[in-house]
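Read-outs: derived from the displayed coordinates by stated rules, not from any lab. Quick caveat: nothing in here was measured; it's all calculated off a predicted structure. Here Cβ is always computed from backbone atoms with ideal geometry, including for glycine, and neighbour counts include all displayed protein chains.
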Amino acid sequence: MTVEQRIPRGPAGNLQLLGEPNASAAQSVAPPQRATLEPPLLLFEHVSKWYGPVLALNQVTLELTGGITGLVGANGAGKSTLLRMANGQIQPTMGRVTIRGVEAWDWRARRLVGYCPDVDAFYEDLSGRRFVWTMARLCGYTRREATRRTEAVLERVGMAHRAERKLRGYSKGMRQRIKLAQALLHDPELLILDEPLSGIDPIGRQELLELFQSLAVQGKCLLISSHELEALEKLTNHVVIMARGRIAAVGTLPQIRDLLDDYPLSVRIDVPQPREVAQLLLNLPDVLAVDVAPPLPHESPETLVVKATHPKRFYQQFGQLVVQHGLNIRRFEPLDESAHAILGYLLGGSGKT
Amino acid sequence: MAHTDTLLRYRPWRGVPHGPLYASVALARASLKLLLRRRLMWGLLALALLVFFFFFYAQYLVVWIENQLATDTIRFAGVPVNAKNLTRFLDRLALNGSDHTFGNFIWYQGYVLVIVLALAGSVLIGNDFFHGSLPFYLSKPIGRWHYLLGKSLAVGVLINLLTTGPAIVLWVQAGLLYDWRSYYVNHLSLLVGIIGYGLVLTVTLSALVMATAVWLRRTVPLAMVWMALFALLPMLANWLVEATKDERWRLIDLWNNLYLCGLSCLQTDHATIRPSPQPDYWMAWVAVGGGVLVCGMYLRRRIQAVEIVA
């Protein structure tokens, strides 16, 4: 079961693409009573940030209320700036960032936020346990409570039995886990994770993905920046795509794909009679082209690659076609609905981030 | 990690997390522990302890000789010497439980203190900036000022550990060496003066450590600037005073200014201060206050702009 199935999503209407004015916004879950009574968990209002002559964020408006949101974009797109601003590490040059109505720059807002930065510059002389404990004390807990929470989070991230070692002896993956542990200490409502999967082995990655999912199920809001698109897709299909300091798109991947009118949808269809089906498909108004794919070794030769506009309408029309003609569809696979493909369309090039 | 469905199941905690001031204290404690992990720091503390022991035992020796051997002569290298003359070389330090005793003690501790603070600045603050550890601290519910307060507390503890604390022990010892009832009553103002001197040192040097560490961040440049402040400027001040016959040039010597402020807390007669001539107390206070103000303004400016930009 994926997280998307568990967590209800926000309305499809809160989705915009680059070039449209502002208000790229909103999503997802939170207990209903909270959503109505309290300000949004994280709110960016027309936020811009300049580093000298460089515009890092440009009129960003974003609202998060729950669930898992992936933050993707090329290097230098403004992801880290956005995350740091959400955590109050950076002040906006213009606009406002609030956490439940409190300015993110204010220390009170950070009671609600856990931050796992991309840097792992620790005091190398400390043990992992000592570092996390010190961070717990900075959260204002008593010694006893700090110890209890330290043990709990170390257990949670799978570091309890390795936490006595000094940080300088940790591998990249262990450092990531320790960073995650310190972010979880005060049981924050909003968890901001900057590249949390970087350097983690496949088994550890799966464990962390499960951890993120369980946190989301418990009502936490996670904002995760990652270049690991495949891993991110496993976790959520709700993404914020950033490009050149602006939010290029917000929404689920299919929603974003639907809005990419300039890029026809590519769908692979395996059928026993490809030429006849191709003829039927070409009669559909949204189909631009149908290719009969050349046979590949060890693959079915009966493959069509259809290019169509308006994906949603095409899916409906294709469904009707299948029912009317009793087509025997062996395989139906959208080829460019992945995060990679969508990023490629939005950002240009291969979509590599 | 195996039972992820049980994750984040904290046992309910009924307490309320303390505020950021509490976190500042925790930060100070953690900072001190970090610092005390360094052998160099223990070496410097041992050096400071040696200075203290010198004053402690010398004060005892002087009083003992005064009381026990005042009229005796002893043979020193075959030559009969009045016992009192043996301690004449200590007269300059005024080891008699007077205001100058404590002023001199803190003056000499300053040589070690300056090195300790240069190290503390680079380890406690410079490293946070230089290695990028700040995001961890500032992602917790504390403000920038609370962070600086925590670090200042750690620096303040070091300063008082090396100066005010031992000076108070010397004051207690002096009372025990003389008539303790009359000494403690008649010289209570000295205790207040020592505490005042410590307060001036704590505020000024903490602000200076913060400002220079935030500015320079690395150990070597930091040590160089501190050397300039506490070694070159005093030499330059002496040279300028001698050349121009204007004692106000001593105001460029921060440690001398702090010394004057301390002596004014100890209510020392201005005419007895060495080296002489010295600028008036109020001038030293203005100079020290100005320095603190500049450091505070610099820190405020930096804090408004402290942004964690990797």
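Here the extension length gained between A:Trp50 and A:Arg96 equals 15.2 nm, from 0.36 nm per residue of separation less the Cα-Cα distance.
Helix-only mean residue ellipticity at 222 nm, chain B, DSSP H runs n ≥ 4 weighted -39,500 (n - 2.57), per residue, nearest 500. What is it? Working shown, then result.
Numbers: 14 runs with 209 residues, N = 310.
Helix-only estimate at 222 nm: -22000 deg cm²/dmol.
Computed as a quarter of the hull surface, the mean projected area of the alpha carbon convex hull for the protein assembly as shown stands at 41.4 nm². Take each residue in B:137-149, count the other chain C-beta atoms within 10 Å of its C-beta, and the mean is 6.
Along chain B, the exposed loop sites are trypsin sites (Lys or Arg not before Pro) outside DSSP states H, G, I, E and B with at most 14 other Cβ atoms within 10 Å, and the longest stretch free of them is B:39-217.
Annotation: the antiparallel percentage among DSSP beta bridges lying fully within segment A:3-258 is about 55. Only alpha carbons enter this Debye calculation for segment B:158-250, each as an equal point scatterer, and the log10 of I(q)/I(0) it gives at q = 0.17, 0.23 Å⁻¹ is -0.90, -1.05.
Averaging sequence separations of C-alpha pairs under 8 Å and six or more residues apart, then dividing by the length of chain B, give the relative contact order as a whole percent.
Relative contact order of chain B: 21 percent.
Cα convex hull, segment A:3-258: 127 Å³ per residue, rounded to a whole number. For segment A:151-180, the set of GluC sites (Glu not before Pro) satisfying both a DSSP loop assignment and a count of at most 14 other C-beta atoms within 10 Å is given as A:Glu164.
Of the trypsin sites (Lys or Arg not before Pro) in segment A:130-206, which ones lie in a loop per DSSP and count no more than 16 other C-beta atoms within 10 Å?
Here the trypsin sites (Lys or Arg not before Pro) that fit, given the DSSP loop and packing criteria, are A:Arg165.
Each residue in A:Val72, A:Val306 was given a count of other beta-carbon atoms within 10 angstrom of its own, and listing them fewest first yields A:Val306, A:Val72. Across segment A:48-61, computed HN-Hα scalar couplings (Karplus, 6.51 cos²θ - 1.76 cosθ + 1.60, θ = phi - 60°) run 10, 9, 10, 10, x, x, 9, 8, 7, 10, 10, 6, 8, 10 Hz from first to last residue, x flagging Gly and Pro.
Per-peptide packing, taken as the mean over residues of other Cβ atoms within 10 Å, places A:48-57, B:156-165 in the sequence B:156-165, A:48-57 from highest down. With a Förster radius of 30 Å applied to the C-beta separation of B:Trp282 and B:Ala231, the computed FRET efficiency comes to 0.70. For segment A:101-110, backbone phi angles converted through the Karplus equation (6.51, -1.76, 1.60; θ = phi - 60°) give residue-by-residue couplings of x, 9, 3, 4, 5, 6, 5, 5, 5, 6 Hz, Gly and Pro being listed as x. Segment A:89-104 and segment A:170-242 have Cα centres lying 23 Å from one another. Residues whose amide H lies under 5 Å from that of A:Ala289, counting only those 5 or more places away or on a different chain, are A:Lys307; hydrogens are built 1.01 Å from N in the peptide plane. Per residue, the convex hull around the alpha carbon atoms of chain B comes to 210 Å³.
Distances between placed amide hydrogens fall under 5 Å for A:Leu222 paired with A:Gly67, A:Ile68, A:Thr69, A:Leu191, all partners being 5 or more residues away or on another chain.
Multiplying the residue separation of B:Arg29 and B:Arg218 by 0.36 nm and removing their Cα-Cα distance gives an extension gain of 65.8 nm. You can think of it this way: the chain between B:Ile252 and B:Asn67 has 62.4 nm of extra reach, that is 0.36 nm per residue less the Cα-Cα gap. Here the simple spin-label model places points 7 Å from the Cα toward Cβ, and for B:Leu36 and A:Ile329 these points are separated by 7.1 nm. Rounded to the nearest whole Hz, the Karplus-based 3J(HN,Hα) values (6.51 cos²θ - 1.76 cosθ + 1.60, θ = phi - 60°) of segment B:223-230 follow the sequence 4, 5, 5, 5, 4, 4, 5, 10, with x at glycine and proline.
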